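The values are calculated or read from the model by the stated rules, or taken from the named source; none is laboratory data. Computed from a predicted model, the values in this text were never measured in an experiment. Note that each Cβ is placed from the backbone with ideal geometry, even for glycine, and that neighbours are counted across all protein chains shown.
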Amino acid sequence: MFPDPQSRSAQLFERARRVQPGANTRHMITFAPYIVYADRGEGCRLTDVDGNVYIDWINNFSTQIHGYAFAPILEAVRAQIERTICCILPDESEIELSEMIVERMPGVDQVRFTNSGTEAMMVAIKAARALTGRSKVAKAEGGYHGQYDLMEASFLPTPANWGPADRPAAPPLGVGTPRSLTDQVVVYPFNDWPTTEALLEESAADLAAVVIDPYPARLGFSPADRAYLDALKAFCRRRGVVLIFDEVFCNRAGYHGAQGRAGVTPDLTVMGKIIGGGFPIGAVGGTREAMAVFDNLAGPLRMSHSGTFTANPVSMAAGIAALKHLTPEVFQRLERQGDRLRSGLTAQFRREGLVMRANGLASMTSLQFFAEPARDYREFYTRSGPDYLQRMQSLHRSFLSEGVLMATRGMMIGSAAMTDADIEETLDRCGRALAAFAGQTAA
């Protein structure tokens, strides 16, 4: 199945190289020797331009929580497009989707929409600065919070640039990022409260926000300890700092989001992906006090926020349809299926003699090249080993050849379109892929 140099995907890849740098518009979808091109999707299956069918275990990095061609979303979008795609006036659907999010999220009283998770994070940080009058932002080492150069600091650091364990550095991701920008970032070690507290206290007078993902994808969904989150919240209350949860990805941890599962509510929550029904969306929600910074009716405006496609009615309609069908029972089924996938993969690792781990929770799974859970970024990086990317590329190819589509770094994300039979079929295919991978490793 893959690779086939005569395939239409291979031909399209060569065509794309002439007009797109690297033949792509998203680096994280790239894999060698060419990228597979999609043709159509239905349910949990994606068909490429050569007619190969894959069980989709990435779902566009989590956005397709209902899979493809989900009838209620298609019907809602068709109806909305016939009325209007977008215009200068707001649509009632914007209010309805806001009400649905407020009902579900414990820490959200009010909502504003954006067009992506990255944009939502940028808006949340600007809001925190407006609320506090301070400029610095703290983030966990190795954390991913969108394509924003401020928050890209300390994303994918290495031993060559990550600095001392008790004072992590803030290396930029992009060449040419101003030092003056990274100087505004305080990097703290995930799940190490004594060190985190010392670093936060040192910058407290200048700190506008502490940003954290309670179940970070870049750490393979290793959870933040409840005591750690409680301590972060207590610090923020004590020092007048805005606590921001990044739930763009981990909002699918349960009906009430990651904060409902973790039992800790932030001041602001950044959301995206599953709340848009597969269409571009982002959102900032928070307490009434925190969201007052956007209120231009109650007094002088402290934080301006607009956008040509912000709260566009097509995304709103798709989001409403998506959330209506994301009931507590659906989340329970997704979690049960996720547990079955992880237990099945674990048994296969043992059978093939592979020192690997299927980590995760709910419908989110990460394949890792070590057996014990990692509690922070440095543990994850060190245990993964120096040849991590090469081994993951080989594993990805083995899965792809068996018709299982996962992320290039071993992430597997389920969808409500999957049946229990689809889970078992996935495990059968993964078993063959892992046997092939183990054979390559042994050789």
Revision key, fill the gap. Flagged in the stretch 381-437 as in contact with a Gly (Cβ under 6 Å, 6 or more places away or on another chain) and at positive phi, in numbering order, are none
Review point. Pick from G41, G51: which is modelled with pLDDT of 95 or more, part of a strand (DSSP E or B) and among the small types (G, A, S)?
Key: G41
Practice item. Could you tell me whether R261 is in the same structural domain as I95 (by TED's automatic domain parsing), in contact with a helix residue (DSSP H, G or I) (Cβ under 6 Å, 6 or more places away or on another chain) and basic (K, R)? Key: yes
Review point. Of all strands (runs of 3 or more DSSP E) completely enclosed by the stretch 280-394, which ones contain at least 1 residues that are hydrophobic (A, V, I, L, M, F, W, C) and under 30 Å from R83 (Cβ atoms)?
Key: 282-286
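Listed here are the residues, each with its yes/no results for (1) of a type in the set (D, E, K, R); (2) surrounded by fewer than 19 Cβ atoms within 10 Å (Cβ to Cβ); (3) touching a helix residue (DSSP H, G or I) at 6+ places or on another chain (Cβ under 7 Å).
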position: V108; (1), (2), (3): no, no, yes
position: M121; (1), (2), (3): no, no, yes
position: L131; (1), (2), (3): no, no, yes
position: S135; (1), (2), (3): no, yes, yes
position: A140; (1), (2), (3): no, no, no
position: D149; (1), (2), (3): yes, yes, yes
Check your understanding: Within the stretch 1-38, can you find the residues that are without any contact (Cβ under 8 Å) to a residue 12 or more places away in the chain and in a loop (DSSP other than H, G, I, E, B)?
Key -> Q6, Q20, N24, T25, R26
Study note, to complete from the structure: By residue number, the members of the stretch 215-237 that are modelled with pLDDT of 95 or more and assigned to a helix (DSSP H, G or I) are R226, A227, Y228, L229, D230, A231, L232, K233, A234, F235, C236, R237
Review point. If we only count strands (runs of 3 or more DSSP E) wholly inside the stretch 111-214, which ones have 2 or more residues that are in the same structural domain as A258 (by TED's automatic domain parsing) and touching a residue at least 60 places away in the same chain (Cβ under 8 Å)?
Key: 136-140, 207-212
**Study point:** G276 buried (at least 24 other Cβ atoms within 10 Å of the Cβ), on the phi > 0 side of the Ramachandran plot, modelled with pLDDT of 95 or more and not hydrophobic (A, V, I, L, M, F, W, C)
**Key:** no
Check your understanding: Going through the stretch 280-316 one residue at a time, which ones are within 15 Å of K126 (Cβ to Cβ), touching a helix residue (DSSP H, G or I) at 6+ places or on another chain (Cβ under 9 Å) and of a type in the set (S, T, Y)?
Key -> S304, T310
Review point. Out of curiosity, is Y388 buried (at least 20 other Cβ atoms within 10 Å of the Cβ), outside the structural domain of L219 (by TED's automatic domain parsing) and farther than 16 Å from A433 by Cβ?
Key: no
